[in-house]
Amino acid sequence: MSGKFDIDHMALLARLRLSDSEKDRLSGQMATIIEYIDHLDQLDTSRVEPTSHAIPLQNVFREDEKKQNFPDCDSLSLAPAQKNRHYEVPQII
């Protein structure tokens with residue numbers, strides 16, 4: 001699998017249109033990145049405990065508090081379309 005093919009495939013997945021010069025430049029950059037990753041793969045991590053987060057997580061939830069809502073007329077005035085005091089949206093079925 002050539003580097004050019006890899007760049008074409010990645011561009012397709014990312015929905016990018018790349019010129020030939022951009023493909024050549026990115027191909028070289030990707031080769032450098034993959035070489036660095038291979039270098040990291042040689043490190044001895046046998047004594048490093050696997051982690052899912054670098055720092056401890058805390059519960060970020062807060063208690064629910066009742067707050068004053070926007071009046072219907074204010075929130076409906078922000079809608080792009082409304083009908084009979086409801087938001088009007090395009091039919092999807």
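Coordinate-derived values only; no laboratory data. Everything quoted here is computed from the prediction, not taken from an experiment. We place every Cβ from the backbone using ideal geometry, glycine too, and count neighbours over all the protein chains shown.
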Exactly one of S27, S77, S46 is under 29 Å from the mean Cα position of the chain (by Cα) and of a type in the set (S, T, Y), and that one is S27
Of the residues R62, R25, which is in a loop (DSSP other than H, G, I, E, B), of a type in the set (D, E, K, R) and free of Cβ contacts under 8 Å to residues at least 24 places away in the same chain? R62
